[in-house]
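Chemist: For reference, the structure I am asking about is given below.
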Protein chains: 4
Amino acid sequence: MDGWRDLRSVIDGQLDPTVRVQRGLSPLNKALVFLIFLAVLTAVLETEPEIAAGHQSLFASLELIFGVIFAVEYAARVWTAPERNSSVSPWRSRVHFALSPAGMLDALVIILTFAPFVVVNAAVVRLVRVVRIVSLAKLGRTSRALDHLFEAVRSRKDELLATAGLAAVIVLFGATALFWAEGAMQPEKFGSIPRSVWWAVVTLTTIGYGDAYPVTPLGKVLAAMVAIAGIALIAMPTGILAASFSDALARDRAMAEANNAPRTTAEAD
Amino acid sequence: MDGWRDLRSVIDGQLDPTVRVQRGLSPLNKALVFLIFLAVLTAVLETEPEIAAGHQSLFASLELIFGVIFAVEYAARVWTAPERNSSVSPWRSRVHFALSPAGMLDALVIILTFAPFVVVNAAVVRLVRVVRIVSLAKLGRTSRALDHLFEAVRSRKDELLATAGLAAVIVLFGATALFWAEGAMQPEKFGSIPRSVWWAVVTLTTIGYGDAYPVTPLGKVLAAMVAIAGIALIAMPTGILAASFSDALARDRAMAEANNAPRTTAEAD
Amino acid sequence: MDGWRDLRSVIDGQLDPTVRVQRGLSPLNKALVFLIFLAVLTAVLETEPEIAAGHQSLFASLELIFGVIFAVEYAARVWTAPERNSSVSPWRSRVHFALSPAGMLDALVIILTFAPFVVVNAAVVRLVRVVRIVSLAKLGRTSRALDHLFEAVRSRKDELLATAGLAAVIVLFGATALFWAEGAMQPEKFGSIPRSVWWAVVTLTTIGYGDAYPVTPLGKVLAAMVAIAGIALIAMPTGILAASFSDALARDRAMAEANNAPRTTAEAD
Amino acid sequence: MDGWRDLRSVIDGQLDPTVRVQRGLSPLNKALVFLIFLAVLTAVLETEPEIAAGHQSLFASLELIFGVIFAVEYAARVWTAPERNSSVSPWRSRVHFALSPAGMLDALVIILTFAPFVVVNAAVVRLVRVVRIVSLAKLGRTSRALDHLFEAVRSRKDELLATAGLAAVIVLFGATALFWAEGAMQPEKFGSIPRSVWWAVVTLTTIGYGDAYPVTPLGKVLAAMVAIAGIALIAMPTGILAASFSDALARDRAMAEANNAPRTTAEAD
């Protein structure tokens, strides 16, 4: 019984990135990340007719292999769940994990991996791919750098939301202005505010596909104003994030200086 | 009489975000913001023929409901005006509010909401929508984050205007250069400086719709120079704003440090 | 004689922005800046056939008026030149000014303003416009904010040049890669490295007109790499400028703190 | 023998930028950089049929001249190799250099320069050009500013990689969403995830060629979300780099202040 417990503890140590003392992922988690990457790549390439044509059995085999591996991983995570929550009974902690968002996502991906062999439905298979890619987000759990990024965004959340609000107001005003100026000339592209909103988003993000653009002098003057506002709207969040990252670095430096500071005058006395 | 005064004070406390002690909007203001958002969404969707077709009566009813709610809100704001300005007589403060920009905008939006029932004129109705969206700006009154953004922009106003001036000079030079290099080849697009200015704005903001671009080698060399200048012009305001936000954060940190600083050597003696 | 000298000194004080004690431009210089702006706008609009058609005499009159005003300004600048350089004889300082770059540019603009009345040559007239716009740069002389911008750029010149060098290398490599991958498929657009360079510049600056883009899978993979490098190349100068502006603000703050610092322990003894 | 050694030392001092005490490149290295630039320009222009047509012999002569000069440079570098590595015998150090990446690149460029005279093969000649441009990277060896840039990137490597990871996830999700929403309408452009990935990269980098864009309302809503995510993804690395550059400048300033600091109270006692 103790032998099983020791094995369970070792496997959990490999599966759960949060219990690890060393920096980085465990070898097992690195292998799983690599496999998820391969599974996503396979799912992506399978959608391309020029690549998939004539290799259906190869792709089906690959999916089967990935499905078995991820099913084993899921079983191991369920089995080792008591290691991560020792305050309740083993089976309770397993049910907890199975009903947690991470556990249900894992189960969903596995079920959808095997679904094509049961129900041959192209539309469902497509959705499977979308969901399976979510697995990649598992990488996020382990990354300290990602936490830094999210922390920098979170600490300036209000300013970033205010910028987003300003952007939304400019999109609405810009779309209304172009609907008014170009609606009669180009009804297909500016004939309603929702249609103009597509133009406003493509312009404010400076993408500019060229599927919709003003042709009248008045429309061009109004569009130029929206375009210039777009520059300001890109500069705003960039500046906010730059300041937030700078602030985090300055705090780190101040903390390091405080720890390494020379003895004070008072102490020297 | 005192009962009315108490009610007036309570309603004003809900309507006026500046008298609120707690952070955030009052429940009444939150509901009003949500209603303004719905009213704007309704006005936007109503312009789309594919959505509005066959639902004219639904949209008319929605507009009537929104109109009545905003009229009641306006009446409440007029009635509670003395709470916000106790130095003059109640009726004077109400007239003050009605003639203030905020009060006149509110009244205008309400009048224009009911106008379609009086004068059925598509052009006016369209303009109503534009004006009504302005109501969303009310959100700005309550947002401290927006004040931070505006403060960061205001404190670097001179540098940002200088960048805008540089951008204007580059637009003029770029447009003149392309008018000279491509005017004869593409008279529709580069046949005058104003026409070339449209190309220059679309290029400097890196939108690049693709409706106008140089085709001669000389035009392409000149356009490449304008394009590279465009990168510099986007980098400038972003850098200025980043520095301004950083500066504000550093000042906040320095102030916090000054308050938490250990007793100085002199005091220790 | 002294009366003339006093007048000369007063006029020079109005014309020369560097001798002014107060902030901003003198009323005379403000009027001149406004006139230059009007002259540029007139010159720009005159090139647009839809605006100029039927108004030739109006535009000719405007040009004559602007020409006379700028000629008077030039004469005043020559006359007051001794005020700005008292170490040499009055006439020497006037010749100095007339041969200085600013003086020669002023003279050139005036000569070219009157040229159309002598030689009616559309090509020359066009070039006159280009040169006349240069006058707007006069604004730069007075702007302290512009000096701040230039100082921020100058202090990080090496890093910005290194970024430009990196960008040039990526343009060359990207253009060569696409020339190799797409040259045979789209000879008009990628049939030589210079042709591909146009694509690379339009892509790296994220303009993307859509006149040239890869169509083969290999070309798209290579182009995606260039596109991602483009994001890095835009981030680089922005980050450098943000740091430079931040540094200038931090220095200003440190200087202000040093001036307002409380007396030190040593002084307190 | 000593005379040869002295000459070898002098030539090495001119060729090897790392032994130079003064700032900048030696005159010989400046000339070589200029020649490499000319050689690259020649190679680039030679690929353009409109320029090369009728000037084949001119371009061939230029290539011969550049080839001879770079061969002499290579021979000099081999001969002076002992100066740069005095711990082993002269011939060993020469073999070391010849087998080092820099030495092999130099040799490869020279061999490929003369190859066209031996094997007349357009495809090989094209590749020669690609490789020869690599020589420009030699400039990087000497640039301190480039080191600053690379250091700023390296010190924030984790955050930049995390941003790249986020970008990859958004590209995958965006491409899958558009494949699902637009795949049936535009199979040529969104008919598989790899095809949609091209659209996602062009959109997230805000290039927007206009070769692929959504046409259905659902596709436009999803694309707008990807476009807005693109702004965030451009803001992230810019903000990280800005903070990194700022941090480097602040460290430099703190170091300068520490060196110039007034004597401390303890010393004053």
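The values are calculated or read from the model by the stated rules, or taken from the named source; none is laboratory data. Just so it is clear, the model here is predicted, and its values are computed rather than measured. Backbone-built Cβ (ideal geometry, glycine too); neighbour counts: all protein chains shown. Just the protein is used for accessible areas: all its heavy atoms, side chains included, with ligands, DNA and RNA removed. Shrake-Rupley method; radii C 1.70, N 1.55, O 1.52, S 1.80 Å.
Chemist: Mind jotting down the distance between the C-alpha centroids of the stretch B:190-256 and the stretch B:44-74, whole Å?
Modeler: Measuring centre to centre over Cα atoms gives 40 Å.
Chemist: I'd like to compare A:68-76, A:47-55: which one has the highest average count of other Cβ atoms within 10 Å, and what's the full order after that?
Modeler: A:68-76, A:47-55
Chemist: In terms of solvent-accessible area of protein heavy atoms at a 1.4 angstrom probe, what is the ranking of A:252, B:106, highest value first?
Modeler: Order by accessible area, largest first: A:252, B:106.
Chemist: Could you work out how far apart the two model spin labels at residue C:147 and residue A:111 are, taking each label as a point 7 Å from the Cα in the direction of the beta carbon, and quote it in nm?
Modeler: 7.1 nm
Chemist: Ranked from highest to lowest mean number of other Cβ atoms within 10 Å per residue, what is the order of the peptides C:229-235, D:174-180, D:245-251?
Modeler: D:174-180, C:229-235, D:245-251
Chemist: Another question, then. Zone of residue B:51 (label point 7 Å along Cα→Cβ, backbone N under 20 Å): which residues in the stretch A:175-197?
Modeler: A:175-184, A:186-197
Chemist: Right, here's the next one. Put a dot 7 Å past each Cα toward the Cβ at residue D:218 and residue B:168; how far apart are the dots in nm?
Modeler: It is 4.8 nm.
Chemist: Let me ask you something else. Take residue C:10 and residue A:33, extend 7 Å from each Cα along the Cα→Cβ direction, and tell me the distance between the two endpoints in nm.
Modeler: Output for this residue pair reads 7.8 nm.
Chemist: So if R0 is 60 Å, what FRET efficiency would residue C:260 and residue B:2 give, r being the distance between their Cβ atoms, rounded to the nearest 0.05?
Modeler: 0.70
Chemist: Quick check: net charge around residue D:56, other residues with Cβ under 14 Å of its Cβ, Lys/Arg +1 and Asp/Glu -1?
Modeler: Summing Lys/Arg as +1 and Asp/Glu as -1 gives -4.
Chemist: Top to bottom by accessible area (1.4 Å), largest first, where do A:109, A:95 land?
Modeler: A:95, A:109
Chemist: A follow-up question, please. Run through the other copies and list how far each one's label point is from that of residue A:251, in nm with one decimal, shortest first; the point sits 7 Å from Cα along Cα-Cβ.
Modeler: 2.0, 2.0, 2.8
Chemist: Interface D/C, total buried accessible area with a 1.4 Å probe, nearest 100 Å²?
Modeler: 3700 Å²
Chemist: Distances from residue B:218 to the same position in the other copies: list them in nm, one decimal, shortest first, using label points 7 Å from Cα along Cα→Cβ.
Modeler: Distances between equivalent label points, in nm: 3.7, 3.7, 5.3.
Chemist: Now, a different point. Suppose R0 equals 35 Å. What FRET efficiency, 1/(1 + (r/R0)^6) with r the Cβ-Cβ distance, do residue A:100 and residue B:41 give to the nearest 0.05?
Modeler: 0.45
Chemist: Distances from residue D:87 to the same residue in each other copy, label points 7 Å out along Cα→Cβ, in nm, shortest first?
Modeler: Output for residue D:87: 5.9, 5.9, 8.3 nm, nearest copy listed first.
Chemist: For A:10, B:226, D:197, what's the largest-to-smallest order of accessible area, 1.4 Å probe?
Modeler: A:10, D:197, B:226
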